[in-house]
Each structure stands twice: as C-alpha cells, then as structure tokens.
Amino acid sequence: VGDSHAPHFLRGVNAWAKTQNINVLFLSAPGCAVLSEDIHFSSRMEAIHDIGCDELTKYMYQSVLPDQHFKVVFIAQRFDLIIDGRSGNHHEKYMVLKTDDGKEIIDHEHYYFESLHKTIREFNQRGKEVILFLQVPIAGKIDNCRWQPRLFYKLGIDHRCQYDSAMIDQLQRREKQAVTAFSQKHDITYFNPMGVMTHPINEGKLLYTNA
C-alpha cells in the first residue's frame, strides 16, 4: 500500500509472494500518505489526490484492517515528500496535515510520525505486521528506459537505463535516516529495496512507475 511510487515494487513483491504461496492485494493512490482514517492529510499538488487518498484509506480500514487473511502490510511512499510536506530543498509545502476543523498542523513532522505510529499500532493490534520501505525510486529521465525494452531483451542487447542513485540518495537521505530511527525506536520492521533493485529494467519489462 502506498502512493504513486509504490507500484514500482509490485512485480518484486508478487514474485516473492508466489514462492511463499501468498496472495497479494495492492492499493495505491497518488499523493497519499498511508495514515489512520481519522488523520486529515491534504495534497496541494492536485485536488484529485485527496479524493483518491480518501477512497484508499476508507477501503483499507473497512476491508483490509478487519480481514484476518491479511498478515503483512508493506508501506511504500515518498517519505521525502510526506514527512515535512516538502521535497528536497524546496520551501513550498506540497502536503499538509490538518486538525478536525481544517487548520494546518504547524509541527508537521512530529505530528506525522505520531500519526504513522498510531496507524501501525492499529494494524499490529489486528495481528498484522507492518514493514516500511525506506525509499522509492525517482527517475527524471525515465523516457530513456521506455524505448523498446522488450525487443532489446529478446535480442540480448544491453538496454542502457539506470537510476540516478546519487540523486535519489541526496534527495531522500534525511528522511531515510529519520524513518530508520523511528523504526528502531518503535521496533518496526524496515527495509531499503533500493539497495537491491538497482536497475529499472527486469526481463525486458520496465519496473519504474509513477502512477
């Protein structure tokens, strides 16, 4: 479950799940922070983000949370954008947390982590383990990867396409450290998939997605 970058990991999660005889349900919505249904989170990027996020959260809490068949929940999202509402060195806030009466939360980062902890506890209390993915890929020149990757694969040609790992690490370093510290403090399982998913092309298929 996660935002528009979460689908990138679906192929890998599905492959793992098949080896464990596990079924996978995938939920994502652009610009959506995975938080408890009573937390008010709003995106300033596009108004439609709030609608999709509300629908995702409602389904998650009404259908997934009470269903005992779901045992593990992976959360993948752009922490570099969600934790403080900004991205990188940008001063403008793209996302805000609000009180019940619609006022913006000033101490965004503290309130966000409190809200995330509350959300994870709710899943844990229903017998579900939560695993946080520390990073998601960002590829500004992804069009370089779209040109006939299947044909290249069939012909055995090395398709020149890779992540800008230095850019991703620089953009997400502070948030990766913050989520790691948060996870260790509260004994929450975390994993950095970018440590093993180093290439956006796999068997002729483009993994990268920003839905």
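The values are calculated or read from the model by the stated rules, or taken from the named source; none is laboratory data. Model, not experiment: these values are computed from the prediction. Here the Cβ is made from the backbone with ideal geometry for all residues, glycine too, and neighbour counts use every protein chain on show. Ligands, DNA and RNA are stripped out before the accessible areas are found, and what is left, the full protein with its side chains, is counted by its heavy atoms. Shrake-Rupley method; radii C 1.70, N 1.55, O 1.52, S 1.80 Å.
For V73, nonlocal amide neighbours, meaning residues 5 or more places apart or on other chains whose placed amide H falls under 5 Å from its own, are E129, V130, I131.
3J(HN,Hα) along the range 63-77, derived from phi through the Karplus expression 6.51 cos²θ - 1.76 cosθ + 1.60 where θ = phi - 60°, amounts to 10, 7, 4, x, 7, 6, 6, 7, 10, 10, 10, 8, 10, 10, 7 Hz, with x in place of Gly and Pro.
Solvent exposure of the range 15-108 amounts to 57 Å² per residue of accessible area, where only protein heavy atoms count and the probe is 1.4 Å.
Proximity of backbone amide H atoms, modeled 1.01 Å from N, is registered between N192 and L134 at under 5 Å, excluding neighbours fewer than 5 places apart on the same chain. Residues of the range 94-110 falling in the label zone of E122, defined by backbone nitrogen less than 19 Å from a point 7 Å along Cα to beta-carbon, are 96-103, 105, 109-110. Each Lys or Arg adds one and each Asp or Glu subtracts one; over the other residues with Cβ under 9 Å from the Cβ of E104, this totals +3. The 1.4 Å probe gives accessible areas that order V72, V34, V1, largest first, as V72, V1, V34. Our coupling estimate for the range 124-133, obtained by passing each phi through the Karplus curve with A = 6.51, B = -1.76, C = 1.60 and θ = phi - 60°, is 4, 5, 9, x, 10, 7, 10, 10, 8, 8 Hz, Gly and Pro reported as x. Rounded to the nearest 10 Å², what accessible area does R44 have for a 1.4 Å probe in the complete protein model? Surface accessible to solvent at R44 totals approximately 140 Å². For S28, the residues whose amide H sits under 5 Å from its own are G2, ignoring neighbours fewer than 5 places away on the same chain, with H placed 1.01 Å from N. Using a probe of 1.4 Å, the accessible surface attributed to L81 totals some 10 Å² when neighbouring protein chains are kept in position.
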